[in-house]
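Enquirer: Before we start, here is the structure in question, set down as structure tokens.
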Amino acid sequence: MNNQRGKFISFEGGDGVGKTTQINLACQYVEKLGHTPVVTREPGGTMLSEQIRGLVLESSAGITPVTEVLMMFAARAQHTSEVIEPNLAAGKWVLCDRFTDASYAYQGGGRGLPDELIDVLAEIATNGLEPDLTLLLDLDVKEGVRRSHLRDSPLDRFESEAIEFKNRIRAAYLKRQDHNSMRIVLVDAAQSIQEIEFEIATRIDDLHARSLG
Ligand code: TYD
């Protein structure tokens, strides 16, 4: 155990960009650098938040955009206080599959909710917590759809949306990266797994160096 706060890294991108593969590789790398990684995801990461995930991803009950964003942030509030904050405080490195940027992209860009609403919810749910580093895996939307269809699992509510919805999500992510370019790193997800792994490892090295002061 050390007294230093851990680092918080999030992974973002549209569906089918290969986040899961890269999170697993990044987890091994963080461990190699001598830190204790904790891998988690949103919506999810706690018992309650996983239940909310089940509802919000699978429900056929005609969830409105406002209900959807509130469910995402209900899951996030619980996840932040139960998992993310305590682990960071204990010096662990938290690797999270999506965080608040996903709400700007999906509920903001995708569903058309205003950024100002998401700003307020983020403040309430997470006390404005931001990752130290966000890796945005960016891929042509049609290629992402093609890759999603290669998987065995059935498509969820977001994956089954129209191409225009996915284009809006990609555009919102890119805008967010442009406005937060110190924190959010754009990674070309059309590269090979090894190339992406190397690029991400380089960014994690920088964070590691900063953590040494
Ligand atoms: P993800 O776990 O990446 O899906 P997969 O099962 O393909 O790995 O994310 C679940 C879905 O939830 C994804 O389509 C994006 C959506 N989502 C939002 O709409 N808003 C959010 O704030 C978050 C965290 C996820």
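The values are calculated or read from the model by the stated rules, or taken from the named source; none is laboratory data. Note that the coordinates shown come from a computational prediction; the quantities given were computed from them, not determined experimentally. Each accessible area value is taken on the protein alone, full model and side chains, heavy atoms only, with ligands, DNA and RNA left out. Shrake-Rupley method; radii C 1.70, N 1.55, O 1.52, S 1.80 Å.
Enquirer: Can you pull the three principal axis extents for the Cα set of segment 8-211, in Å, largest first?
Expert: On the principal axes, segment 8-211 reaches 46, 35, 34 Å in Cα extent.
Enquirer: For segment 1-83, what % of the accessible area comes from carbon and sulfur atoms, probe 1.4 Å?
Expert: 54
Enquirer: Right, something else. Any idea of the accessible area per residue across the chain, 1.4 Å probe, to the nearest Å²?
Expert: 49
Enquirer: How fast does segment 81-183 diffuse by Stokes-Einstein, in µm²/s, taking the Kirkwood radius from C-alpha pairs at 37 °C and 0.692 mPa s?
Expert: Answer from the Stokes-Einstein relation: 215 µm²/s.
Enquirer: Let me ask something additional. Any idea how far the Cα center of segment 193-213 sits from the one of segment 104-124, in Å?
Expert: Centre-to-centre (Cα) distance: 29 Å.
Enquirer: Something else: If you roll a 1.4 angstrom probe over the protein chains with everything in place, what fraction of the accessible area of segment 92-160 belongs to carbon and sulfur, to the nearest %?
Expert: 50
Enquirer: Of K7/K175; K32/K92; K19/K92; K19/K142, which ones are farther than 19 Å apart at the Cα?
Expert: Those over the limit are K7/K175; K19/K92.
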